[in-house]
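Everything on this sheet refers to the single structure shown next.
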Amino acid sequence: MSKPASDEGSSAEGMDNERIGNAFDEVADLLEFTGSNPFRVRAYRNASRTIRGLSQSLRDAVDRGDDLTQMEGIGDDLAGKIIALARTGKLEMLEELRSKVPDGVMALLRIPGVGPKKAALLFKELGIKSLDELRTACEQGRVRELKGFGAKTEEGILKGIDVAAQANQRMFWSEADEIAQSLRRHMRGCPRIEQLEFAGSYRRGQETVGDLDMLVVSSEIATVMNQFACYPGIAAVIGRGDTKMSVRLDSGLQIDLRVVPRESYGAALQYFTGSKEHNVVVRGMAKQAGMKINEYGVFRVDGEQETYVAGASEAEVYATLGLPLFPPEMREARQEFEWARQGELPRLIELSDLRGDLHMHTTATDGAASIEQMIAAARKRGLEYIAITDHSQRVSMARGLDAQRVLAQWAEIDRIRRELDDDFVLLKGIECDILEKGGMDLPDEVLAQADWVLASVHYGQRQSRAEITERILGALDNPYVTAIAHPTGRLLNQREPYEVDLEAVFRRAKERGKILELNANPHRLDLNDLHCAAARKLGIPIVISTDAHSVNGLDVMRYGILQARRAGLTRDDVINTRPWPQLRKMLRNA
Ligand code: DGT
Ligand code: CA
Ligand code: CA
Ligand code: ZN
């Protein structure tokens, strides 16, 4: 067996053990679905289990030309398929099988209790090709008529369809975080764990998470896995091998556990934190330096000889390449290597840098707490100033404020201010709608009396790109508007951003000295990380706001901070890190 021309190419396009295992499982599902010989189906399932349980990388084994048939359950045929998958990432047979089965049918397999056989029956007998079609068939009572189904199964399927539909979606980071924290508490019940960390997109603070990757250092692997297996809320154990175990929770989230030895912990953490793109660059640098880096460690390569040089901590792994310990949020192969070359990473913003919150609602509109309650909660969280920004009249569902009511609220704020200590500042604000036809929802004479005016689009989100862009540019031209709130209107997993020419918005914001909001609500998080980075480059100030509608709503700030860190923002890029006297001067100059 000859070595591939370039290691880098093969690993970038190739697959690791998990992906090869996934491919074999899919082959097995498809074979079973198409009514293939059960022995053949089982051969692929067994091979998948063997591969997932391996403690070494198949990619490396293929590179070295190892004899794969030495592995349990792997004959010549399967060995050939592993080589193809490791080298090209593709398997001809799998492509062919996929082409025989309509898209969507395999989604039926995600329903708990529906395997390939039942799915095949649903397809052949009722012509069902998607989750939606299956839901309709269940509701019409057609599924219970099938042989081996019955009313109970039908009911179970109907429930399971929602689970399956969810399994397709990436989870909000905030929800994944709750699970990660509860799982961490659960794993504390196992005294044999030396280290535990969650890697992957979760650690990088991505706004949504595909699955959770948990790393554990322990010498007692079985004990750790047994503890994991009894975590409440596990719907199924997907696989359990020598060092790796995967489960799916009732919520649909998959969790991969890897148990690694102490000397590999840093290397594994680095590898599984990713991103993949970041790791490709790191591996390339290692190669340049005559080294090799993988999830087991950093190795000096000397002909056939590989000597372990580092791996216990991430810092030492990076240090062997002369690289700094990148904060996980930076690891996207965007600017981090350039920063490292220049000798210094930016000091990313932290939650404790924030001194104020400039977007929140009260009982005057759709909030659940009074102004006084919001003040007390903000103080408890260490803030020095807040702006009350209730909705304007156009948002009638939230009983938005007309000119008279907002002026009354500001009079009340003046009264409260007189009772406040000097160390806390309460601002008269408003979240004023940008009307569908353009223009602001409140007259200029009213806006002129505010300390802080947010402008936002809530209605007419389906207008054309030109119309929406014009509306926002118009708001930026208004001398009393301070900032644009949630500038793209997206709701993660639910609503796409509205059509808007953000470049034009950024240019105008820059010209007019306006501020753009990063909304910290974990379901919004607009601007996204790339937008924030672009704003930073242009020197447009960002405000990170909670948009709280209750006292607890103030706690979402940390999600906004994560997003800001992914964008590379520092304290200086975010205006609500400034003490109030400084911020006040900035707003005056604006
Ligand atoms: P996710 O789960 O879709 O939100 O995203 P990640 O980044 O958590 O991806 P995941 O769970 O597939 O893998 C975790 C990390 O492991 C990933 O960020 C980098 C590393 N990794 C996984 N597979 C590969 C691979 O085939 N090649 C390389 N270089 N790295 C990989
Ligand atoms: Ca992941
Ligand atoms: Ca994973
Ligand atoms: Zn709001």
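Structural remarks
- Pairs with Cβ under 7 Å, 6+ apart, first in segment 254-266 and over 15 Å from residue 192 (Cα atoms), second crowded, with 23+ Cβ neighbours inside 10 Å and of a type in the set (D, E, K, R): 256/213
- Residue list for segment 434-467, filter: under 19 Å from residue 406 (Cβ atoms), without any contact (Cβ under 8 Å) to a residue 40 or more places away in the chain and touching a Leu at 6+ places or on another chain (Cβ under 9 Å): 453, 455
- Residue satisfying condition, being farther than 25 Å from residue 148 by Cα and at pLDDT 90 or above, within set 18, 95, 125: 95
- Within segment 468-511, the set of residues being within 20 Å of residue 450 (Cβ to Cβ), polar (S, T, N, Q) and free of Cβ contacts under 8 Å to residues at least 40 places away in the same chain comprises just one member, 478.
- Total residues in segment 171-215, condition buried (at least 17 other Cβ atoms within 10 Å of the Cβ), within 24 Å of residue 296 (Cβ to Cβ), modelled with pLDDT of 95 or more and away from ligand 2 (no atom under 14 Å from the Cβ): 3
- Unmet requirement for residue 120, which otherwise passes all of (1) under 18 Å from residue 36 (Cβ atoms); (2) in contact with a Leu (Cβ under 8 Å, 6 or more places away or on another chain); (3) crowded, with 17+ Cβ neighbours inside 10 Å; (4) of a type in the set (Gly, Ala, Ser): (2)
- Unique match (being on the phi > 0 side of the Ramachandran plot and either touching a Cys at 6+ places or on another chain (Cβ under 8 Å) or without any contact (Cβ under 8 Å) to a residue 60 or more places away in the chain (or both)) among 415, 405, 379, 399: 399
- Residue ranges of helices (runs of 4 or more DSSP H) in segment 522-590 with at least 2 members surrounded by fewer than 19 Cβ atoms within 10 Å (Cβ to Cβ): 529-538, 580-589
- Residue that is modelled with the lowest pLDDT [pool: residues in segment 248-267 that are surrounded by 20 or more Cβ atoms within 10 Å (Cβ to Cβ), of a type outside the set (D, E, K, R) and within 12 Å of ligand 3 (Cβ to nearest atom)]: 253
- Helices (runs of 4 or more DSSP H) fully within segment 173-232 counting 3 or more residues that are in contact (Cβ under 8 Å) with a residue 60 or more places away in the chain: 173-187, 200-203
- Options 160, 148: the member that is modelled with pLDDT under 90, surrounded by 17 or more Cβ atoms within 10 Å (Cβ to Cβ), within 21 Å of residue 116 (Cβ to Cβ) and not aliphatic (A, V, I, L, M): 160
- Qualifying helices (runs of 4 or more DSSP H) (wholly inside segment 252-357; at least 3 residues being closer than 21 Å to residue 210 by Cβ): 265-273, 276-288
- Checking segment 216-239 against the condition returns no match, with no residue being within 14 Å of ligand 2 (Cβ to nearest atom), crowded, with 20+ Cβ neighbours inside 10 Å and within 25 Å of residue 329 (Cα to Cα).
- Residue in segment 357-386 that is surrounded by the fewest Cβ atoms within 10 Å (Cβ to Cβ), counting only those that are among the small types (Gly, Ala, Ser) and within 16 Å of ligand 4 (Cβ to nearest atom): 368
Matching residues to (1) within 16 Å of ligand 4 (Cβ to nearest atom); (2) within 18 Å of residue 273 (Cβ to Cβ); (3) in contact with a strand residue (DSSP E or B) (Cβ under 9 Å, 6 or more places away or on another chain):
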{"site": "164", "(1), (2), (3)": "no, no, no"}
{"site": "173", "(1), (2), (3)": "no, yes, yes"}
{"site": "176", "(1), (2), (3)": "no, yes, yes"}
{"site": "184", "(1), (2), (3)": "no, yes, yes"}
{"site": "196", "(1), (2), (3)": "no, yes, yes"}
{"site": "200", "(1), (2), (3)": "no, yes, yes"}
{"site": "205", "(1), (2), (3)": "no, yes, no"}
{"site": "214", "(1), (2), (3)": "no, yes, yes"}
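Matching residues to (1) at pLDDT 95 or above; (2) among the basic types (Lys, Arg); (3) under 22 Å from residue 441 (Cα atoms):
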| residue | (1), (2), (3) |
| --- | --- |
| 327 | yes, no, no |
| 337 | yes, no, no |
| 358 | yes, no, yes |
| 363 | yes, no, yes |
| 371 | yes, no, no |
| 378 | yes, no, no |
| 381 | yes, yes, no |
| 396 | no, no, yes |
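- Applying the criterion of at least 3 residues that are within 19 Å of residue 26 (Cα to Cα) to the helices (runs of 4 or more DSSP H) found wholly in segment 49-133 leaves 76-88, 92-100, 116-126.
- Counted residues, segment 460-481 - those being in contact with a Lys or Arg (Cβ under 7 Å, 6 or more places away or on another chain) and buried (at least 16 other Cβ atoms within 10 Å of the Cβ): 3
Each row is one residue, and each column tells you yes or no for (1) in contact with a Phe, Trp or Tyr (Cβ under 7 Å, 6 or more places away or on another chain); (2) under 17 Å from residue 206 (Cβ atoms).
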position: 479; (1), (2): no, no
position: 488; (1), (2): yes, no
position: 503; (1), (2): no, no
position: 517; (1), (2): no, no
position: 528; (1), (2): no, yes
position: 547; (1), (2): no, no
position: 561; (1), (2): no, yes
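The values are calculated or read from the model by the stated rules, or taken from the named source; none is laboratory data. Please read all numbers here as calculations on a predicted model, not as lab measurements. Virtual Cβ from ideal backbone geometry, glycine too; neighbours counted across all protein chains shown.
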